[in-house]
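Step one of this worksheet: look at the structure below.
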Amino acid sequence: MNSAMQCSWKAVILLALASIAIQYTAIRTFTAKPFQMCPETISNPLNCGMLGQDAVDLSFDKRICDDFLYFSSNVSRKTHVLILATTRSGSSFVGQLFNQHQDVFYLFEPLYHVQTTLLPRLSHSRTAGDTRVMLGASRDLLRSLYDCDLYFLESYIKPQPANHSTDKLFRRGASKALCSLPVCDAFSPGESNIDEGECVRRCGGLNMTLASEACRERRHVAIKTVRIPEGERPQGSGGGP
């Protein structure tokens, strides 16, 4: 019995080591292999797959050029990340992982403003119609934020921002992008660990125009929320996968 258990444990360990070795090899192969791009001498990428006999032979086949066309047409698209979770589930920690990346525009629970604005106007029974109203407003706001249109958020901030400036954005200091240039110049670019309260105190009011600009400069938008009505999920809020 003991010998059988020892053999099974040895087999598990060997399988685990083999799996690690395979993954390591795959990662090394992927990262070490340079990405092939269509030649820079081609001024118009649409001609990439139409290299004639007069063109210089650079060992690029049509399939590679087709791949180039696909990725070049999508390179400007932002990655939309929605961290949707219940309270006390560690979602704030996960959000901070995205927030630390310099190319991520992160917002902490912007749907809080939808809730505080609409809930007092809805019936106390919270009917299905009320849920649809909340869900529709949440969906529309998320879509606008993913498009870097922060002006849309102003309709839910109380008091409403004047001249696109406010100091009432919920947990503004939780977003690194809103505590750094071009939104705020109170901290040097090298400062990575900015305290949330210190950001609010030193940066002052939030300029929504500059915040929208900061969003457009980044390639990814991540939003953390627990404010969507339970049992429902937003349809098409991110504008696609």
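Computed quantities for the displayed model
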item: Some residue of the stretch 125-134 being of a type outside the set (Val, Ile, Thr), out of contact with any Leu (no Cβ under 7 Å at 6 or more places or on another chain), modelled with pLDDT of 95 or more and not in a helix (DSSP H, G or I); result: no
item: Residues located in the stretch 97-119, provided they are among the polar types (S, T, N, Q) and either at pLDDT 95 or above or within 24 Å of Tyr151 (Cα to Cα) (or both); result: Asn99, Gln102, Gln115, Thr116, Thr117
item: Test: residue in the stretch 161-169 that is buried (at least 19 other Cβ atoms within 10 Å of the Cβ), polar (S, T, N, Q) and touching a Phe, Trp or Tyr at 6+ places or on another chain (Cβ under 8 Å); result: no
item: Residue check for Asp167: charged (D, E, K, R) and farther than 16 Å from Thr209 by Cβ; result: no
item: Enumeration of residues in the stretch 135-150 that are in a loop (DSSP other than H, G, I, E, B) and buried (at least 17 other Cβ atoms within 10 Å of the Cβ); result: Cys148
item: So Leu178, is it under 18 Å from Thr117 (Cα atoms), touching a residue at least 24 places away in the same chain (Cβ under 8 Å) and of a type in the set (A, V, I, L, M); result: no
item: Output for the stretch 149-207, where each listed residue is of a type in the set (A, V, I, L, M) and either touching a Gly at 6+ places or on another chain (Cβ under 6 Å) or not assigned by TED's automatic domain parsing to the domain that holds Val114 (or both); result: Val200
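Condition check ((1) under 20 Å from Lys78 (Cβ atoms); (2) hydrophobic (A, V, I, L, M, F, W, C); (3) within 19 Å of the chain's Cα centre (by Cα)) across all residues:
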residue	(1), (2), (3)
Leu145	yes, yes, yes
Leu153	yes, yes, yes
Pro159	no, no, no
Arg171	no, no, yes
Leu181	yes, yes, yes
Asp185	no, no, no
Val200	no, yes, no
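The values are calculated or read from the model by the stated rules, or taken from the named source; none is laboratory data. This structure is a prediction, so every number in the text was calculated from the model and none was measured. Neighbour counts are summed over all protein chains in view; Cβ atoms, including those assigned to glycine, are modelled from backbone coordinates with ideal geometry.
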